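As structure tokens, the structure follows; a few thoughts come after it.
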Amino acid sequence: MAEHAAERLVIRAAPERCFAAVVDFERYPEWAADIKEVEVLERDAEGRGTSIRFRAAAFGRSTSYTLRYDYGAAPASLSWVQSEGDLTTRMDGSYAFERTSEGETDARYDLFVELQVPLPGFVKRRAEGRITHTALEELKVWVESEQR
């Protein structure tokens, strides 16, 4: 059974800037603490990454997974599904970016994860918290501090 984690927060930047940061895959290791390596395997006609291999820290070891990205609702959202993984059988999710009345971004992150091996609930919750923290809190720090 897949576990679902969701988080939302406000980022002091335009939605377009948030979207640009999350599709700049090669720079993830600069702001996402657990991401160690990123390789863009395929790009679409617009040069956007559609198949991305990640190597990340997880549960005290290294894990690798490949995600396929869907730009159908870009730049309001970006979604993905896992196509390969060594610890996970599913790691599907999305970012959604909505402009607030103040011109900031209400950012939402959703993730559905299914592991290949069962883990105790408290370990899963801790991992979910770390993933959502990286996905939004570290993104927020990156986008708000980045000088583009």
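Summary of computed values
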| item | result |
| --- | --- |
| Ala33, sole failed condition from (1) modelled with pLDDT under 95; (2) crowded, with 17+ Cβ neighbours inside 10 Å | (2) |
| Conditions (1) within 14 Å of the chain's Cα centre (by Cα); (2) of a type in the set (Ser, Thr, Tyr); (3) not in a strand (DSSP E or B); number of the one not met by Thr50 | (3) |
| Some residue of the range 81-98 being among the hydroxyl-bearing types (Ser, Thr, Tyr), at pLDDT 95 or above and surrounded by fewer than 19 Cβ atoms within 10 Å (Cβ to Cβ) | yes |
| Which numbered condition Gln116 misses (of (1) within 22 Å of Leu9 (Cα to Cα); (2) surrounded by fewer than 17 Cβ atoms within 10 Å (Cβ to Cβ)) | (1) |
| Sole exception among (1) surrounded by fewer than 18 Cβ atoms within 10 Å (Cβ to Cβ); (2) modelled with pLDDT of 95 or more for Phe59, by number | (2) |
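The values are calculated or read from the model by the stated rules, or taken from the named source; none is laboratory data. Small disclaimer: the values here were computed from a predicted structure and weren't measured. Cβ coordinates were reconstructed from backbone atoms using ideal geometry, including for glycine residues, and neighbour counts include every protein chain displayed.
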